[in-house]
2 protein chains.
Amino acid sequence: MNLLSLRSHNAALVLDLLRTAGGEGISRLELAERTGLTPQAVSKITARLREDGLAAEAGRRASTGGKPRTVLRLVPEAGHAVGVHLDRDELRVVRVDLLGAVRGERRAALDLGAGSEAVLAAVRQAVARVLPVQRDEVPRQGLSGLDPSLLGVGVALPGPLDHGRGVLHRVTGFPEWDGFPLREALAERLGVPVVVDKDTNAAALGLAAGGERGSFAYLHLGTGLGAGLVIGGSVHRGARTGAGEFGHQVIQLDGPPCTCGDRGCVEALCLGAVARGDLDQAARVLGAGAANLVGLLDIDVVLLGGRTVAAAPDAFVGGVGAVLEARARRTGQDAVPVRVTAGGDGAVAVGAAQLVLGPVFGRGGG
Amino acid sequence: MNLLSLRSHNAALVLDLLRTAGGEGISRLELAERTGLTPQAVSKITARLREDGLAAEAGRRASTGGKPRTVLRLVPEAGHAVGVHLDRDELRVVRVDLLGAVRGERRAALDLGAGSEAVLAAVRQAVARVLPVQRDEVPRQGLSGLDPSLLGVGVALPGPLDHGRGVLHRVTGFPEWDGFPLREALAERLGVPVVVDKDTNAAALGLAAGGERGSFAYLHLGTGLGAGLVIGGSVHRGARTGAGEFGHQVIQLDGPPCTCGDRGCVEALCLGAVARGDLDQAARVLGAGAANLVGLLDIDVVLLGGRTVAAAPDAFVGGVGAVLEARARRTGQDAVPVRVTAGGDGAVAVGAAQLVLGPVFGRGGG
DNA sequence: CCACTTTCGCAACGCTGTTGCCAAAGTGCA
DNA sequence: TGCACTTTGGCAACAGCGTTGCGAAAGTGG
């Protein structure tokens, strides 16, 4: 760690507090208290941020007997990021500002099986259309000319992949994507930095950026069952960035066969119960998996999402909550709360954009 | 982050590399490469460390055409830490130097149910006896007078506890310890900093300090079944420092009852199979739990330990390995390796000492 | 109107890691 | 043996970080 990285570290610290404060803003002295830096250091840092156009003064607080505190806020328009949600049959693209607010959105039908060229072209077109300056012609080289404040593009899609290198593995049902270097291919075509991640990780990251503190697990129950783990404010991806394989956790040895080839996976049991219309059993099974996860990682809260959960939120929150409460009674501790996520269908795309915004605020490894 | 913490951060970085190099030592230029700092910065930092007596020059490498590199090494005697392993029927205390090498050891029978006063007195006596200057009389106030380079005492014991506050929860079989502020009580009696943690976490920390890189899970199979998780080089303890409850992971819904009150826990199934003499089934069950953990966290390696494993290492490594290999075939990735830990019975006490040494080398939040 | 409080920037400062430079200590060839 | 060359690593000067001392600005309250 040298002086340059110290400087950007502290700048990111301040920027993150400005982001968390949102529209309300935050005073210099409060920044100093929260960061542990001296007020004078905060003054210098915020002066630089104001010069760069990232922060601005926005009114002042009421006086407490002396000069009133000047409120600073993030300038949301100083930077933008694009989030792309590649689903099996749909493409969803959003543009967000530094605060994470959606500034543009676009949806299109998509066939993931139509070949890489067609998919990449569709993504390129949708991303170009969502940028503030829209032209009929999409420029040949690079999108940064369209919007100089575009920080990059985050892409979220189902299935296992290598987040570090940006290479896909076997996307269920689409074997032709195995080994495809999506990040490289898109970065070349778009001319801006690209980050690739699993859809569940993007959703979890979106929740973390949206104000969910600490450590939590986001369990997504839709056509499959997956999880995004946030530990200490950042997404846990594991050694080969394959963490979060919640659905193929075995909770019934020698149980019914699963599509993955194993037996007794939570996903098989849960989806089976849903198919039979037995939501209570589905929730109980999901709760058993969640309880295992809570015991292993000791997280703060369990968040549920996905179409199946959204269709019957009370049944799932109640069922999963009951299992966790029973566990808490046995261990003598408070039960881990269960909630349904508020975000709608666009949550994954918004979270994908946070893959790009995160490093600006000191989250994620660069 | 200010300049003072920057300084200690970089010093810890260099110290950790010196520690890892062990007796072989490491040159200034190599330190510069590994830390990313300039050679001149490393020269300044190592000069300070040498002034403080923490580092020393130790010979030189062969020349590669110019002035040969001077080798630096950690001075192991510059600091000491004591590790205490409180087990149900035994007390084990070790003193280690900065390199983690055992410099003194002491064992004694112990009855955890004999009351807090008796246990604390036994610990105090054993710790005093393991210090380099041994006296017949144990001093009344503080042990730091006996050894000024004593950095602190780490205590490891079974069962759930609050690592942050150093307070015990329900130790299985000894309800009288519930809520006891062990860290505070011991720190007052010993006059040095005390850190308290679960035995499985201490064992895992010892393995991490012993050269195990990256992320791994240590599964301990003895009278119970627990886990210590190391993620990215540091122990994962979770929000309420209760993480690692591996044994009460449910892998068979509505299975046989467990001592915890739930049904189908890995611990119940595994210990049951061991009791029946069916080691293959025990290993298979353990493997199923390990596979769940690998999928959730995507760790680098699974390490097995504990008396039951040590009694039949091949059966457990083979059985757990087979389950993980089957999982790898399904996902199309390399299997996560399984190994038995080398450390013997004293591993937990040595790991407990690392609770104190860790912060010196920039590990752990203290 | 004035004393007082609080905020916050300018200037000087101490300390960080960095750069420029050179002495020290080897190797290798004539 | 002598000289050119390479490599290491410390001294000195430096740029830049956060900190301290201090004063101007902008309020409140009597």
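So, with a 1.4 angstrom probe, what is the percent of accessible area on segment A:210-340 that is carbon and sulfur? Walk me through the numbers on the way to the answer.
Numbers: 2390 of 4840 Å².
Roughly 49 percent, rounded to a whole number.
Compute a Gaussian network model of chain A, connecting alpha carbons closer than 10 Å, and tell me which residue from A:L221, A:L29, A:L303 fluctuates the most.
A:L29
So if each residue of separation counts as 0.36 nm, and I subtract the Cα-Cα distance between A:E184 and A:D345, what length gain in nm does that give? Could the numbers behind the result be given before it?
Numbers: separation 161, 0.36 × 161 = 57.96 nm, distance 2.71 nm.
Stretched fully, the A:E184-A:D345 segment lengthens by 55.2 nm.
Taking 0.36 nm per residue of sequence separation and subtracting the Cα-Cα distance, how much length would be gained by fully extending the chain between B:L3 and B:D89, in nm to one decimal? Could the numbers behind the result be given before it?
Values: separation 86, 0.36 × 86 = 30.96 nm, distance 4.81 nm.
Taking 0.36 nm per residue and subtracting the Cα distance, the gain is 26.1 nm.
For B:R129 and B:S234 in one chain, what is 0.36 nm times their gap in residues minus the Cα-Cα distance, to one decimal in nm?
The B:R129-B:S234 span can extend by a further 34.7 nm.
If the label point is 7 Å along Cα→Cβ of A:S149, which residues in segment A:68-95 have backbone nitrogen under 15 Å from it?
Once the point is set 7 Å along Cα→Cβ of A:S149, A:73-82, A:95 turn out to lie under 15 Å by backbone N, inside segment A:68-95.
Rounded if a/c is under 1.5, else prolate if a/b beats b/c, else oblate: with a ≥ b ≥ c from the C-alpha gyration tensor eigenvalues square-rooted, which is segment B:80-203? Don't jump to the answer; show the numbers that get you there.
On the way: a/c = 1.64, a/b = 1.49, b/c = 1.10.
Prolate, because a/c is 1.5 or more and a/b exceeds b/c.
Let a ≥ b ≥ c be the square roots of the eigenvalues of the Cα gyration tensor of the protein assembly as shown; is it rounded (a/c under 1.5), or, if not, prolate (a/b larger than b/c) or oblate?
Oblate, since a/c reaches 1.5 and b/c is not below a/b.
Please check which bits of segment A:1-45 a label hung off B:A47 would reach, taking the label as a point 7 Å along Cα-to-C-beta and the cut-off as backbone N under 20 Å.
A:1-3
Given label points at 7 Å from Cα along Cα→Cβ, what nm distances, shortest first, separate B:T259 from the same residue in every other copy?
Result for B:T259, in nm, nearest copy first: 4.1.
To the nearest 10 square angstrom, how much accessible area does B:R124 have with a 1.4 angstrom probe?
Taking all protein chains as shown, B:R124 has close to 40 Å².
Name the lysines eligible as straight-distance cross-link partners of B:K67: C-alpha to C-alpha under 21 Å, and not fewer than 8 places from it in the same chain.
Within the straight-line cut-off, B:K67 pairs with B:K44.
How big is the dipole moment of chain A about its Cα centre under a simple scheme where the beta carbon of each Lys and Arg is +1, that of each Asp and Glu is -1, and everything else is neutral? Debye, nearest 20, please.
Numbers: 39 positive and 38 negative charges, 245 e Å.
Here chain A has a charge dipole of around 1180 debye.
Give the distance, in whole Å, between the Cα centre of segment A:193-216 and the Cα centre of segment B:209-231.
Here the two parts' Cα centres lie 28 Å apart.
Say each of A:T223 and A:E176 gets a label point 7 Å from the Cα, pointing the same way as Cα to Cβ; how far apart are those two points in nm?
1.6
Using a label point 7 Å beyond Cα on the Cα-Cβ vector, give me the inter-copy distances for A:G59 in nanometres, one decimal, shortest first.
Result for A:G59, in nm, nearest copy first: 7.1.
Cα centroids of segment B:10-89 and segment B:305-360: how far apart, whole angstrom?
29
Shape of segment B:208-333 from its Cα gyration tensor (a ≥ b ≥ c, root eigenvalues): rounded if a/c is under 1.5, otherwise prolate when a/b > b/c, or oblate?
Working: a/c = 1.44, a/b = 1.24, b/c = 1.16.
In terms of gyration-tensor shape, rounded.
Cα axis of helix A:3-21 to longest principal axis of chain A: angle in degrees, 0 to 90, nearest 10?
Roughly 70 degrees between the two axes.
Calculate, for B:D254 and B:A326, the FRET efficiency according to 1/(1 + (r/R0)^6) with r their C-beta to C-beta distance and R0 35 Å; round to the nearest 0.05.
Numbers: r = 24 Å, r/R0 = 0.70.
Working from the Cβ atoms, E equals 0.90.
So the label point goes 7 Å from the Cα of A:D314 along Cα→C-beta, right? Which residues of segment A:267-304 then have their backbone N under 19 Å from it?
A:277-284, A:304
Tell me which of A:G232, A:G53, A:H85 sits at the most positive position along the dipole axis of chain A, charges placed on C-beta atoms (Lys, Arg +1; Asp, Glu -1).
It is A:G53.
Relative to the longest principal axis of the C-alpha atoms of chain B, give the angle of the C-alpha long axis of helix B:279-297, reported between 0 and 90° and rounded to the nearest 10°.
Roughly 60 degrees, rounded to the nearest 10.
Distances from A:R7 to the same residue in each other copy, label points 7 Å out along Cα→Cβ, in nm, shortest first?
Relative to the other copies, A:R7 has label-point distances of 2.1 nm.
At a probe radius of 1.4 Å, figure out the B/A buried accessible area, summed over both chains, and give it in Å² to the nearest 100. Mind showing how you got there, number by number?
Values: alone 17700 and 17700 Å², together 31380 Å².
Roughly 4000 Å².
At a probe radius of 1.4 Å, what is the per-residue accessible area of A:K198, in Å² to the nearest 10?
10
Name the most mobile residue of B:A209, B:A239, B:A156, meaning the one with the largest mean-square fluctuation, in a Gaussian network model of chain B with Cα contacts below 10 Å.
Checking each option, the largest mean-square fluctuation is seen for B:A239.
Any idea what angle helix B:347-357 forms with the longest principal axis of chain B, computed on alpha-carbon atoms, 0 to 90 degrees, nearest 10?
Helix B:347-357 and the main axis of chain B meet at about 40 degrees.
Compute the distance in nm between two label points, each set 7 Å from the Cα along the Cα-to-Cβ direction, one at B:A335 and one at B:A58.
If labels sit at B:A335 and B:A58, their model points lie 3.9 nm apart.
Please report the accessible area of A:C260 (heavy atoms, 1.4 Å probe, ligands and nucleic acids excluded) in Å², nearest 10.
40
Please state the charge dipole magnitude for the protein assembly as shown, taken about the Cα centre, from unit charges on C-beta atoms (+1 on K and R, -1 on D and E), reported in debye and rounded to the nearest 20. Could the numbers behind the result be given before it?
Numbers: 78 positive and 76 negative charges, 429 e Å.
It comes to approximately 2060 debye.
State the percentage of accessible surface on segment B:3-74 attributable to carbon and sulfur atoms; use a 1.4 Å probe and exclude ligands, DNA and RNA.
Working: 2050 of 4050 Å².
The nonpolar share, carbon plus sulfur, comes to 51 percent.
Provide the FRET efficiency to the nearest 0.05 for the A:E105-A:L29 pair, computing r from the beta carbons and using R0 = 41 Å.
On the way: r = 38 Å, r/R0 = 0.93.
With R0 = 41 Å, the Cβ-Cβ based efficiency is 0.60.
Using only helices, what value at 222 nm comes out for chain A when you add -39,500 (n - 2.57) per DSSP H run of length 4 or more and divide by the total residues, to the nearest 500 deg cm²/dmol? Please list the in-between numbers first.
Numbers: 11 runs with 139 residues, N = 366.
Mean residue ellipticity, 222 nm, calculated: -12000 deg cm²/dmol.
Please build a GNM for chain A, connecting alpha carbons under 10 Å apart, and tell me which residue among A:G226, A:G321, A:G332 fluctuates the most.
The residue with the greatest mean-square fluctuation here is A:G332.
The values are calculated or read from the model by the stated rules, or taken from the named source; none is laboratory data. As the structure is a computational prediction, the values presented were derived from the model and not from experiment. Positions of Cβ are generated from backbone atoms using ideal geometry, with glycine treated the same way; all protein chains shown enter the neighbour counts. What goes into the accessible areas is simple: the full protein's heavy atoms, side chains included, and nothing from ligands, DNA or RNA. Shrake-Rupley method; radii C 1.70, N 1.55, O 1.52, S 1.80 Å.
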